[in-house]
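The values are calculated or read from the model by the stated rules, or taken from the named source; none is laboratory data. Please read these numbers as outputs of a predicted model, since none were measured by experiment. Cβ coordinates were reconstructed from backbone atoms using ideal geometry, including for glycine residues, and neighbour counts include every protein chain displayed. Keep in mind that these areas ignore ligands, DNA and RNA; they rest on the heavy atoms of the full protein, side chains included. Shrake-Rupley method; radii C 1.70, N 1.55, O 1.52, S 1.80 Å.
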Amino acid sequence: MSLLDRFRSGLQRTRERMEQTLGAALGRRGAIDEATRAALEEALLAADAGPAAAERLMDEAERRMRADPALDLRHALERGVAQLMGATRARFTPGAERPWVALLVGVNGVGKTTLAGKLAAGFARDGRSTLLVAADTFRAAATEQLEVWASRAGVELVRARDGADPAAVVHDGLSAALARGHEVVLVDTAGRLHTKRNLMAELEKVGRVCARLVPGSPHHVLLVLDATLGQNGLQQAREFQRATPITSLAITKLDGTARGGAVLAIADQLKLPVSVVGLGEGLDDWQPFDPEAFARGLFE
Amino acid sequence: MFEALTDRLQGIAKRLTGQGKLTPENIRESLRDVRRALLEADVEVAVARDLVARVEARAVGDEVLRSLTPGQQVVGIVREELESLLGHAPVTLAGSPHVPTVVLLAGLQGSGKTTFAGKLARWLGGRDKRVMLASADVHRPAAIDQLARLAGMAEAGFWRAPEGAAPEAIAGGALDEARRRGFDFLVLDSAGRLQIDEPMMAELETLRRASRAHQVLLVMDGMTGQEAVRVGRAFAGRVGVDGLVLTKMDGDARGGAALSLRQATGKPILFLGVGEKLDGLEAFDAARIAGRILGMGDIVGLVEKARAAVDEQQARRLVERARKSEFTLEDFLGQLQQVRKMGPLDELMKLMPGVPRQALAGAVPDEGKLRRYEAILLSMTPRERRLPRVIDGSRRRRIAAGSGTTVTEVNRLLKDYDQARALMKQMRHGPRGLASLRGRMR
């Protein structure tokens, strides 16, 4: 399946609803009337874009259509979304650092562990020696879950007993990576609600431990967001950003039902790029993010 | 939100008519704010639209327009409509006359089913019910281990199916086992699934049949967006849902999904999941969630937090001491520690009704200061805390060095303490104060 097809199938429902709500209006050119604007707003809100980003995208589409009379609403929207999502870009790809250290962070249940397993499998397949670090010592059996993923991906895993200090596990993991010469270290952290001050402080500590063992690390902090998430995503991104500088976002469970529009709000307000999308539960079900393909997936 | 809305409606009325009355037009305009608040809280677009339409229909009636306080009236209508949508009467998990009562948990991936299963076991255990947990989640790696671990923590029974058993066989086996061992409740966890995943939905149906579930609870992440309605409708339509559970409600999500789910399924919301610990389960309260959805804070949540942190006896002792003006630095330290136990202050402020988020910045005493105060107090000797007047210049220098602060800060603390004591003295003479504050907290 091509990249575009994957986005198209991931965003299928959202697109269908968009078409249902807007119908022929998507082919319209020139000025947008009140009724079309209302329908458009409803469609964007239904995609979880949120009131503010919806307004921004509508204004942007109107501006483009005024400037170019040949442009129809569908393409005006598509370009607006592509521009918004492409304003900043990021790839989740190891750099030249040895080891290259990445943290996966996010609230509970967004799919961090599953994504960590998939990303590790991808790197291992590219011939990079990869180490998984199970820093979720809180959730019962989280380590066992990652263990299964590590063996599926054929990579090594550093773990500790439940309830251990996550920073200590990270310390062990990075020491092991340095000693054994791993190229890539992926740290799976425990899910934490962004409103929990002590857990966010714990995350800061994990970051400090990384920097102490491998100067300049973590090289990438990936905030994992669930695509069925609503407007709270913005709040999550903002609070995580405070604890540890977020490099990019991953959207998980973008698999046909999710709306995925919450990332529009986040891109609009916080200018954070998306780097990875998770499309299902299989080992290979993830993709690098592509703003243009995402925009076309929404509207074409 | 309610306060702002009331002000706005009153303001418009005054300005436009000079008589304090509203017109249908300006009511409509104000209701746009309500709609926006609902949408920002993730209430589904159609649900929000219907709600606003119902409010509008009632609000432009003669009664409101002729009222002298039309603003309050409209706001009252918004509240009523919201609460009636959410369901007024509290509902709890019903036991069945047939033992065991079988509760099947269903939902999307990552909604918190397994954690909820552990919490429910603890909750039922606290009501003297014997509970057995079993997991039919053969899909997520280590999901069954996770539930086994939680069952241990909740001191509930657990049954593990033979390796490789299909979900249907697990459901039947768990039921037999629970019957045989005489459990009151069987809570059966299932794998997370998408509502459009046909084979998985068929599996859930099979699970329901094989376990003879009395209650299917749909467990949903409280942060879910617009999709909540479809998820609710699909699970209710395909498998049947008897009750709803919203999880992760200890975050700052406004919880509009509650409204969407109620509308989609017509079923009661039984529980709210708060926190990762096993006792983090709360009964649903429509008034609280209505307030939260409209961004007006959660005063009940605040009080519960306070209650959890404040030791009743200690509080009573404090009131007694205040009355006798014996409030010492020991008490000051105790108070400080209780406030700190309630969690970060800015989080608490978010729960306060009528405090706009923007106003929070800078207004909250910062966490660092409290921590330093605690360090200073702990660096004093017990005698110094009991008799603060003995703290002279030399002692101040020692305390500052011991707590890693400065003499200026020690001085500032002592000044704050003096003020607090003066306040306590005032309270002694007035009927209001700590005692009445505690009365309100009940």
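Would you mention how many residues in region A:85-131 are among the β-branched types (V, I, T) and either without any contact (Cβ under 8 Å) to a residue 60 or more places away in the chain or open to solvent by 20 Å² or more (accessible area, probe 1.4 Å) (or both)? Reasoning before the result, please.
Quick first cut of region A:85-131, residues among the β-branched types (V, I, T) only: A:88, A:93, A:101, A:105, A:107, A:110, A:113-114, A:130.
Imposing the further condition that a residue be either without any contact (Cβ under 8 Å) to a residue 60 or more places away in the chain or open to solvent by 20 Å² or more (accessible area, probe 1.4 Å) (or both) reduces the set to A:88, A:93, A:114, A:130.
Counting residues in region A:85-131 that are among the β-branched types (V, I, T) and either without any contact (Cβ under 8 Å) to a residue 60 or more places away in the chain or open to solvent by 20 Å² or more (accessible area, probe 1.4 Å) (or both) gives 4.
Within region A:256-273, does at least one residue satisfy the condition of being open to solvent by 10 Å² or more (accessible area, probe 1.4 Å), under 30 Å from B:L259 (Cβ atoms), outside any helix (DSSP H, G or I) and of a type in the set (V, I, T)?
Among the residues of region A:256-273, not one is open to solvent by 10 Å² or more (accessible area, probe 1.4 Å), under 30 Å from B:L259 (Cβ atoms), outside any helix (DSSP H, G or I) and of a type in the set (V, I, T), which makes the answer no.
Go through B:A94, B:A89 for me and flag whichever is exposed (fewer than 15 other Cβ atoms within 10 Å of the Cβ), closer than 30 Å to B:F183 by Cβ, at pLDDT below 80 and not acidic (D, E). Step through it out loud before you land on a result.
Working: B:A94 fails: at pLDDT below 80.
B:A89 is the lone residue from the list that is exposed (fewer than 15 other Cβ atoms within 10 Å of the Cβ), closer than 30 Å to B:F183 by Cβ, at pLDDT below 80 and not acidic (D, E).
Residue by residue through region B:389-413, note down the ones that are of a type outside the set (D, E, K, R) and buried (at least 17 other Cβ atoms within 10 Å of the Cβ).
We begin by selecting, within region B:389-413, every residue of a type outside the set (D, E, K, R); these are B:390-391, B:393-394, B:399-408, B:410-411, B:413.
Hits for region B:389-413 are B:I391, B:I399, B:A400, B:S403, B:T405, B:V410, B:L413.
Rundown of residues vs (1) in the same structural domain as B:L188 (by TED's automatic domain parsing); (2) part of a loop (DSSP other than H, G, I, E, B); (3) of a type in the set (F, W, Y), yes/no style:
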site	(1), (2), (3)
B:F116	yes, no, yes
B:K119	yes, no, no
B:R127	yes, yes, no
B:D137	yes, yes, no
B:D145	yes, no, no
B:L150	yes, no, no
B:E168	yes, no, no
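Show the residue pairs meeting these rules: Cβ distance below 6 Å; 6+ apart or different chains; first residue within region A:1-23 and in the same structural domain as A:A43 (by TED's automatic domain parsing); second residue open to solvent by 40 Å² or more (accessible area, probe 1.4 Å) and part of a helix (DSSP H, G or I).
As it stands, the answer is A:T21/A:E42, since those pairs meet every condition given.
Counting just the residues of region B:58-73 that are modelled with pLDDT of 75 or more and hydrophobic (A, V, I, L, M, F, W, C), which one comes out nearest to B:L186 (Cα to Cα)?
Among residues in region B:58-73 that are modelled with pLDDT of 75 or more and hydrophobic (A, V, I, L, M, F, W, C), the one nearest to B:L186 (Cα to Cα) is B:A59.
Assess whether B:R233 counts as being in a helix (DSSP H, G or I), of a type in the set (D, E, K, R) and free of Cβ contacts under 8 Å to residues at least 24 places away in the same chain. Show your work before the answer.
Working: in a helix (DSSP H, G or I): yes; of a type in the set (D, E, K, R): yes; free of Cβ contacts under 8 Å to residues at least 24 places away in the same chain: no.
No.
Do the conditions hold for A:T114, that is, is it part of a helix (DSSP H, G or I), of a type outside the set (G, A, S), under 26 Å from A:L264 (Cα atoms) and within 14 Å of chain B (Cβ to nearest Cβ)?
Values: part of a helix (DSSP H, G or I): yes; of a type outside the set (G, A, S): yes; under 26 Å from A:L264 (Cα atoms): yes; within 14 Å of chain B (Cβ to nearest Cβ): yes.
Criteria met by A:T114.
Among (1) more than 14 Å from chain A (Cβ to nearest Cβ); (2) outside any helix (DSSP H, G or I), where does B:S111 come up short?
(1)
Residues checked against (1) within 14 Å of chain A (Cβ to nearest Cβ); (2) open to solvent by less than 10 Å² (accessible area, probe 1.4 Å):
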position	(1), (2)
B:R140	yes, no
B:D145	yes, no
B:D176	no, no
B:D197	yes, no
B:M201	yes, yes
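Cβ-Cβ distance below 8 Å, separation of 6 or more or different chains: which pairs start in region B:244-273 with a residue that is more than 13 Å from chain A (Cβ to nearest Cβ) and end on one that is aromatic (F, W, Y) and open to solvent by less than 20 Å² (accessible area, probe 1.4 Å)?
The qualifying pairs are B:V245/B:F116; B:V245/B:F271; B:T265/B:F235; B:F271/B:F116.
Looking at region B:241-263 only, could you name the residues that are open to solvent by 20 Å² or more (accessible area, probe 1.4 Å) and either in a helix (DSSP H, G or I) or in contact with a strand residue (DSSP E or B) (Cβ under 9 Å, 6 or more places away or on another chain) (or both)?
The answer is B:D242, B:K248, B:D250, B:R262, B:Q263.
Could you check region A:187-214 and list, in sequence order, the residues that are of a type in the set (A, V, I, L, M, F, W, C) and within 14 Å of another protein chain (Cβ to nearest Cβ)?
Within region A:187-214, the first condition is being of a type in the set (A, V, I, L, M, F, W, C), and the residues that meet it are A:187, A:190, A:193, A:199-201, A:203, A:206, A:209-211, A:213-214.
Matches in region A:187-214: A:A190, A:L193, A:L199, A:M200, A:A201.
Tell me, which residue of region B:41-51 that is buried (at least 19 other Cβ atoms within 10 Å of the Cβ) and in a helix (DSSP H, G or I) is farthest from the other protein chains (Cβ to nearest Cβ)?
Step one: filter region B:41-51 for residues buried (at least 19 other Cβ atoms within 10 Å of the Cβ), giving B:41-45, B:47-48, B:51.
Checking which are in a helix (DSSP H, G or I) leaves us with B:45, B:47-48, B:51.
Working: B:V45: 5, B:V47: 11, B:A48: 9, B:L51: 14 Å.
Per the stated criteria, the residue is B:L51.
Could you grab me the full set of residues in region B:206-236 that are open to solvent by 10 Å² or more (accessible area, probe 1.4 Å), of a type in the set (A, V, I, L, M) and under 15 Å from B:D189 (Cβ atoms)? Walk me through how you get there before you give the answer.
Quick first cut of region B:206-236, residues open to solvent by 10 Å² or more (accessible area, probe 1.4 Å) only: B:206, B:208-210, B:212-215, B:221, B:230, B:233-234, B:236.
Restricting the remaining residues to those that are of a type in the set (A, V, I, L, M) gives B:210, B:213, B:234, B:236.
Result: B:A210, B:A213.
Taking B:K267, is it over 20 Å from B:L39 (Cα atoms), open to solvent by 20 Å² or more (accessible area, probe 1.4 Å), assigned to a loop (DSSP other than H, G, I, E, B) and out of contact with any Gly (no Cβ under 6 Å at 6 or more places or on another chain)?
Details: over 20 Å from B:L39 (Cα atoms): yes; open to solvent by 20 Å² or more (accessible area, probe 1.4 Å): yes; assigned to a loop (DSSP other than H, G, I, E, B): yes; out of contact with any Gly (no Cβ under 6 Å at 6 or more places or on another chain): no.
No.
Being within 14 Å of chain B (Cβ to nearest Cβ) and part of a loop (DSSP other than H, G, I, E, B) is the filter here; which residues of region A:146-186 pass it?
A:R159, A:R161, A:D162, A:G163, listed by residue number.
In region A:219-231, which residues are out of contact with any Asp or Glu (no Cβ under 7 Å at 6 or more places or on another chain), surrounded by 24 or more Cβ atoms within 10 Å (Cβ to Cβ) and of a type outside the set (A, V, I, L, M, F, W, C)?
Correct list: A:D226 only.
Does region A:239-251 contain any residue that is open to solvent by less than 10 Å² (accessible area, probe 1.4 Å), within 14 Å of chain B (Cβ to nearest Cβ), free of Cβ contacts under 8 Å to residues at least 60 places away in the same chain and not in a strand (DSSP E or B)?
Within region A:239-251 (the criterion being open to solvent by less than 10 Å² (accessible area, probe 1.4 Å), within 14 Å of chain B (Cβ to nearest Cβ), free of Cβ contacts under 8 Å to residues at least 60 places away in the same chain and not in a strand (DSSP E or B)), the answer is no, since none of the residues qualifies.
How many residues, within region B:114-138, are of a type in the set (A, V, I, L, M, F, W, C) and within 14 Å of another protein chain (Cβ to nearest Cβ)? Give the derivation first.
Of the residues in region B:114-138, the ones of a type in the set (A, V, I, L, M, F, W, C) are B:116-117, B:120-121, B:123-124, B:131-134, B:136, B:138.
Now drop any that are not within 14 Å of another protein chain (Cβ to nearest Cβ), which leaves B:116-117, B:121, B:133, B:138.
Residues in region B:114-138 being of a type in the set (A, V, I, L, M, F, W, C) and within 14 Å of another protein chain (Cβ to nearest Cβ): 5 in total.
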